[in-house]
Structure formats: structure tokens, C-alpha cells
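Below is one structure, written out as C-alpha cells; comments come after it.
The numbers here are math on the coordinates, done by the rules we state, and not lab data. Every value quoted in this text rests on a predicted model; they were computed, and no experiment measured them. As a convention, Cβ positions derive from the backbone with ideal geometry for all residues, glycine included, and neighbour counts pool all protein chains shown.
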Amino acid sequence: MKILVADLEGVFLPEIWINVAIKTGIEELKLTTRDISDYDVLMTKRLSILKENNLKIQDIKNVIATLDPLDGALDTLNWIREKSQIIILSDTFEEFAKPLMAKLNFPTLLCHNLTIDDQGNINDYNLRIESQKKEAVKALKGLNYHVTAFGDSYNDVDMIKQANQGFFFKPPDSVITDFPDIPVTQNYQELKNMITSLLDE
């Protein structure tokens, strides 16, 4: 019994925070888990920037409404779902991802959520559990699934290492350098080839 788990942003969707940064002109919001491996440090910084610039949830939703899946992402995800079950494990938030899931034909998504006040201020973020991606893989293995994991960033490493097998998809050079033992795919065709070979094992 095999199942796939995958990251969302950078794999099937563009990085939401980077697009918010481009729209608002706030360079610091371009930082992602590709740049800062400690998620709490990253999110604390992001929330502080939002507060300083009086950005609210609707401002971010307005940016999200303009986004589409990465070129080829939907076809690839549809292809995967014909071959195997897949669960998306993401450190994004339900409030961000929900409108984008329709554009990916509603795959199963496990992520976090936000604390938002009546004025639309994002006051805090709420992790489902610590190390959600790793713990989800561990739970699936406990259900006797053989798990294949893939993602693009530092926050995917524990998930990939916890899985029975895993690989990177278009990671930055720094991630490749820091984790040279993890295989790398650089485009959707290479991803399909890798999945095919792993499912056939």
C-alpha cells in the first residue's frame, strides 16, 4: 500500500508570500523556508511586517486571487492521482490555500490556520502540531503505508527523511548543498519519472 505526500508552494503553486512581497513592494516578505529554516522565526518576522505595514488578511487574499498553479502543475497532479493517492502537507494556512485548492481540483490538504480579529488583522498563526509534515508521514507509516515524499525546501527535509523514500523538486542550491544525499528532480517530467520508478519498486 503506497501513498505520496508532497509540499504545496514551490511544487504545485507559486510562493504566496513572494507574490505578496512583489505586490506590496516589501522585500523582506520574499523570505521563505528556502531562506530561513526555522519556521517560527520566519512567521514571527512575517507577522511583525504585516503589523508594521497595516496589511490585513484581505490584502493577502487579493494577491492570492491573482495566482494560478505553476505551469504544468495541474496536469502533473492529475497524473499522480491516477497512479496513487496523494496528500499535500503544507506549512501554509487554510485561509490562504482554500481559494487555490479549487484550481488544483481539491487535493487533500493538511496545513495550519491563522488567528484573525474582526478588523482583519492577522494576530497569530496556529500550527496543527509541531513538525506536522514529519508527524503525518510517521502516522501514515503507522497505518502500514509505504510513503514517498517530495518537496522543495528546508521544511520538507524531515518529511522526506521520515518517509520510506523521498526526493527534492526544484530546490535552491543551498538545500542541495546541505542535503547532498537526497535525490533531486528539476522539472515535472523528471518528477514523473522518479515517481514511476519508485512506485514500480
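Computed values, structure above
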{"item": "In nm, spacing of pseudo-spin labels at D71 and D38 (7 Å Cα→C-beta vector)", "result": "3.8"}
{"item": "Nearest-ten-degree value, helix 188-199 long axis tilted from longest Cα axis of the chain", "result": "50"}
{"item": "For D91, D59, D118, order by how many other beta-carbon atoms lie within 10 Å, fewest first", "result": "D118, D59, D91"}
{"item": "Helix 132-142 axis, angle to the chain major axis (alpha carbon atoms, nearest 10°)", "result": "30"}
{"item": "Sorted by Cβ neighbour density within 10 Å, fewest at the top, the residues T76, T148", "result": "T76, T148"}
{"item": "Degrees between helix 73-83 axis and first principal axis of the chain (Cα, 0 to 90, nearest 10)", "result": "40"}
{"item": "Tail weight of P(r) past 28 Å, computed on alpha-carbon pairs of the chain, percent", "result": "24"}
{"item": "Taking E9, E190 and counting other C-beta atoms within 10 Å, the order from fewest to most", "result": "E190, E9"}
{"item": "Distance from the stretch 92-150 to the stretch 1-32 (C-alpha centre basis), Å", "result": "13"}
{"item": "Within the chain: Cβ-based charge dipole about Cα centre, in debye rounded to nearest 20 (Lys, Arg +1; Asp, Glu -1)", "result": "480"}
